[in-house]
Every structure is written in structure tokens, then in C-alpha cells.
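Engineer: Below is a structure I'd like to ask you about.
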Amino acid sequence: MSDFVIPAWFEITSLIVLSLILIFDLLLVVRRPHVPSPRESALWVGFYVALALVFAGLMFAVAGPNAGGEFIAGWLTEYSLSIDNLFVFVIIMAQFAVPKKMQQEVLMIGIILALLFRGIFILLGATLIENFSWIFYLFGLFLLITAAQQAFSGREDDEARENALIRFLRKRIAITDDYHGMKIRTVVDGKKVFTPLLIVLIAIGTTDLIFALDSIPAIFGITQSPFIVFTANVFALMGLRQLYFLLGHLVDKLEYLKYGIAFILAFIGVKLVFHAMHENELPFINGGQHIEWVPDIDTWTSLGVIIGAMALAVAASLIKLRIEQRYLPTALSAPADDDEEQVPSGPPAAQ
């Protein structure tokens with residue numbers, strides 16, 4: 001359990017301020033639907049990241065360094081998972097040809113759904129943890145399985161699921177080929193039909209549900225404070241809409257990102273199993289006694305592993321991308337020399 005106490009006044013004030021910020025962001029989308037420029041997107045993303053860091057500083061000051069450390073570790077974990085969630089949003093938007101002018105509103109709906117799903121799972125997770133200490137075994141096993149799927153399943157699996165969804169829905173309901181603004185249902189030739197927006201929202205909602213199932217056990221492996229769990233999720237989702245327009249085209253090129261995320265999930269999964277063993281009460285494991293020799297991984301070690309894994313994954317992806325951009329176009333455009341034996345260069349041969 002956490003060895004700190006967060007004052008009630010701080011929790012209430014924080015939730016009120018966060019709610020006002022989210023409402024302001026929602027009203028901004030409704031009143032000014034547009035495609036934000038890279039500069040505008042970068043400013044908003046920077047603002048939300050700075051806001052999270054300010055909040056972390058307040059946590060340090062109000063509740064102590066452990067509370068602040070748990071928030072930062074939880075926020076970074078959820079942020080990394082949100083970026084992976086963002087990739088699936090990119091696939092959905094492209095596959096369903098969502099018009100650019102509608103994408104802000106669709107993304108905002110996706111973020112609201114993500115907050116709702118995660119809020120529900122946070123309440124359920126906190127209740128389970130409070131009443132059943134052995135739930136950490138299940139959480140840990142679930143994260144280890146999720147990590148393996150993340151590392152060894154291709155991104156094409158997401159596209160296959162979306163194609164199956166399209167086929168399923170089109171066989172059972174009448175769906176027009178064209179969008180009609182943000183209308184889910186419209187009238188065509190005197191007949192009521194659904195628009196493709198219905199499929200888009202179902203796909204995004206399903207994605208949010210899956211990622212909520214992954215993210216909540218992950219952050220409960222870092223902190224058991226429901227307040228920190230919820231605020232870390234809120235800050236991780238803030239700015240996700242702007243990050244989509246800033247990095248949407250680049251997320252697909254961060255080839256090693258999924259391995260960094262898989263490593264983080266596996267690490268937290270092991271940490272959860274260790275914690276469950278340390279607090280063990282199951283009669284068929286060690287006679288129902290705590291397993292004292294199991295190491296207890298502290299918050300600062302977790303924070304270092306999370307930052308290191310994400311930094312390494314992003315750096316490796318960017319280096320690979322730069323090598324491809326520098327050497328691949330040259331290799332592809334170089335004329336073949338019939339008089340010389342063609343020996344492919346290193347980087348293209350690796351593709």
C-alpha cells in the first residue's frame with residue numbers, strides 16, 4: 001500500500017480543475033472544428049505535457065516524493081499506451097476515410113469514451129484490490145500475456161479486425177457510402193440509413209475498451225491510489241487529439257515502439273506477480289504465508305525502467321527511419337550497371 005496521504009482538498013480541487021479543462025477542450029472542438037496546424041498541435045501538446053509536470057510537482061509538494069514519483073511513472077505508462085492507442089485511431093481514420101474536418105470531433109468522442117471506460121475499470125480495479133489481494137496474480141498474468149501479444153502480433157491484426165467489423169455490419173444494416181457531417185443516421189431516397197460514422201464510432205469505442213483493459217492493470221502495478229490512477233489517465237489522454245494531428249503520420253513509422261510498450265507491460269506484470277507473492281494469502285502457495293524473499297520493486301526503479309524503455313524504443317525507431325530516408329531512396333534510384341555484379345547495399349537488404 002502507498003505510504004502517503006493525499007489531502008481531500010487537493011483531490012477535490014484537482015478533479016474540478018481537470019473537469020473544467022476537459023470541458024473547455026470539448027467546447028473548443030464544437031465551436032471551432034478545423035484541422036489544426038503542426039504549430040498549433042505542438043503548442044497544445046507542449047501545454048498538456050507541461051500541465052502534467054506541474055501537477056507532478058504539486059504532488060511532490062503536497063503528498064511527498066513517493067506520490068509524485070508514482071504519478072510520473074503512471075502518467076508515462078499511460079501516455080505510452082495512449083500513443084499506441086493513437087496508432088489504431090490512425091488506422092481507423094484512414095480505413096474509413098473520415099474527412100479531415102470531422103476528425104477532431106471523432107477523436108474527442110473517442111477520448112471521452114476512453115475516460116468513461118477507464119473510470120469504470122478504475123472503480124472495479126480498486127474494489128477488487130481492496131477485497132482480494134490475490135487479484136494481483138491475475139493482473140500480472142494478464143499483463144504478461146498482453147505484452148507477448150503486443151510484441152509478436154503485427155499491426156495488421158488491427159486492420160483485420162476492422163475489416164471483419166465492416167463486413168459484419170454491412171451485412172446486417174443499411175449503411176450509406178458517404179458521410180453526412182456528424183450524423184449517425186440520415187435519409188437517402190426517402191429511406192433511413194446509417195452513415196459510416198456509426199462504424200467509426202463502434203470501432204473507436206471497441207479500441208478504447210481494449211486499451212482500458214490493458215492500461216488499468218498496468219497502472220495499478222505502479223500505484224494503488226485510485227486518485228493517482230485516474231489523474232494519470234486523464235493527463236495521458238489530454239492532448240491526444242492534438243498529438244494525432246502532430247504525429248499521426250509518424251506513429252506508423254515508430255517501428256520499435258510496440259516493443260518498448262511490450263517490455264513495460266511485461267516488467268509491470270512481473271512486478272505485480274512479485275507484489276502478489278509478497279502479500280500472498282492463497283493457501284496453496286507457500287501455505288498461505290507471505291513470501292518474504294521476493295524482491296519489492298520500488299517506484300523509482302519502475303520510473304527508470306519505463307523512461308529507459310520508451311526512450312530506447314523511440315530512439316531506435318527514429319534512427320532506423322533516418323537510415324531508411326538517407327540510403328533507401330539513393331539505392332532505389334541508382335541505375336543498374338550491366339557490366340558490374342550488382343551487390344545490394346546493407347540497409348535496403350535488411351528491409
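The values are calculated or read from the model by the stated rules, or taken from the named source; none is laboratory data. Keep in mind that what you see is a predicted model, and the values were worked out from it rather than measured. Using ideal geometry, Cβ is built from the backbone for each residue, glycine included, and neighbour counts are taken over all protein chains shown. The protein model used for the area step is the full one, side chains on, heavy atoms only, and it has no ligands, DNA or RNA in it. Shrake-Rupley method; radii C 1.70, N 1.55, O 1.52, S 1.80 Å.
Engineer: Across segment 129-151, which residue is modelled with the lowest pLDDT among those that are among the hydroxyl-bearing types (Ser, Thr, Tyr) and assigned to a helix (DSSP H, G or I)?
Structural biologist: Across segment 129-151, the extreme among qualifying residues is 146.
Engineer: Going through 291, 306 one at a time, which residue ends up being open to solvent by less than 50 Å² (accessible area, probe 1.4 Å), within 17 Å of residue 80 (Cα to Cα) and among the β-branched types (Val, Ile, Thr)?
Structural biologist: Going through 291, 306 in turn, just one is open to solvent by less than 50 Å² (accessible area, probe 1.4 Å), within 17 Å of residue 80 (Cα to Cα) and among the β-branched types (Val, Ile, Thr): 306.
Engineer: Where the second residue is charged (D, E, K, R) and the first is without any contact (Cβ under 8 Å) to a residue 40 or more places away in the chain and lies in segment 118-134, which pairs have Cβ atoms under 6 Å and are six or more apart or on separate chains?
Structural biologist: Taking only residues 6 or more apart or on different chains, not a single pair turns up.
Engineer: Just to be sure I understand, how many residues within segment 94-141 are among the aliphatic types (A, V, I, L, M) and farther than 30 Å from residue 28 by Cα?
Structural biologist: Counting residues in segment 94-141 that are among the aliphatic types (A, V, I, L, M) and farther than 30 Å from residue 28 by Cα gives 7.
Engineer: State all residues of segment 16-31 that are among the hydrophobic types (A, V, I, L, M, F, W, C) and touching a residue at least 60 places away in the same chain (Cβ under 8 Å); if no residue qualifies, say none.
Structural biologist: 18, 21, 22, 26, 29, 30
Engineer: Right, here's the next one. So, of the residues in segment 298-351 that are of a type in the set (Val, Ile, Thr) and at pLDDT 80 or above, which turns out to be farthest from the chain's Cα centre (by Cα)?
Structural biologist: 323
Engineer: With 87, 71, 10 as the choices, which residue is more than 22 Å from residue 310 (Cα to Cα), among the aromatic types (Phe, Trp, Tyr) and touching a helix residue (DSSP H, G or I) at 6+ places or on another chain (Cβ under 8 Å)?
Structural biologist: Numbers: 87 fails: more than 22 Å from residue 310 (Cα to Cα); 71 fails: more than 22 Å from residue 310 (Cα to Cα).
10 is the lone residue from the list that is more than 22 Å from residue 310 (Cα to Cα), among the aromatic types (Phe, Trp, Tyr) and touching a helix residue (DSSP H, G or I) at 6+ places or on another chain (Cβ under 8 Å).
Engineer: Could you grab me the full set of residues in segment 2-22 that are over 30 Å from residue 279 (Cα atoms), open to solvent by less than 90 Å² (accessible area, probe 1.4 Å) and of a type in the set (A, V, I, L, M)?
Structural biologist: 15, 17, 18, 21, 22
Engineer: Taking the condition part of a helix (DSSP H, G or I) and free of Cβ contacts under 8 Å to residues at least 60 places away in the same chain, does residue 43 pass?
Structural biologist: yes
Engineer: Then there's this: Among the numbered criteria (1) in contact (Cβ under 8 Å) with a residue 60 or more places away in the chain; (2) surrounded by fewer than 22 Cβ atoms within 10 Å (Cβ to Cβ), which single criterion is violated by residue 217?
Structural biologist: (2)
Engineer: Hey, among 119, 154, which residue is modelled with pLDDT under 85, open to solvent by less than 50 Å² (accessible area, probe 1.4 Å) and not polar (S, T, N, Q)? Step through it out loud before you land on a result.
Structural biologist: On the way: 119 fails: modelled with pLDDT under 85.
The conditions single out 154.
Engineer: Considering only segment 36-53, how many residues are surrounded by 13 or more Cβ atoms within 10 Å (Cβ to Cβ) and farther than 18 Å from residue 233 by Cα?
Structural biologist: Looking only at that region, the number is 5.
Engineer: Within segment 91-116, how many residues turn out to be in a helix (DSSP H, G or I), open to solvent by 30 Å² or more (accessible area, probe 1.4 Å) and hydrophobic (A, V, I, L, M, F, W, C)?
Structural biologist: Keep residues of segment 91-116 that are in a helix (DSSP H, G or I), which gives 91-95, 100-116.
Remaining after also requiring open to solvent by 30 Å² or more (accessible area, probe 1.4 Å): 94-95, 100-101, 105, 109, 112-113, 115-116.
If we keep only those that are hydrophobic (A, V, I, L, M, F, W, C) as well, we get 94, 109, 112-113, 115-116.
Within segment 91-116, residues that are in a helix (DSSP H, G or I), open to solvent by 30 Å² or more (accessible area, probe 1.4 Å) and hydrophobic (A, V, I, L, M, F, W, C) number 6.
Yes/no per residue for (1) among the aliphatic types (A, V, I, L, M); (2) under 26 Å from residue 214 (Cα atoms); (3) open to solvent by less than 20 Å² (accessible area, probe 1.4 Å); (4) not in a helix (DSSP H, G or I):
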| site | (1), (2), (3), (4) |
| --- | --- |
| 55 | no, yes, yes, no |
| 58 | yes, no, no, no |
| 61 | yes, no, no, no |
| 66 | no, yes, no, no |
| 71 | no, yes, yes, no |
| 74 | no, yes, yes, no |
| 77 | no, yes, yes, no |
| 82 | no, yes, yes, no |
| 85 | no, yes, yes, no |
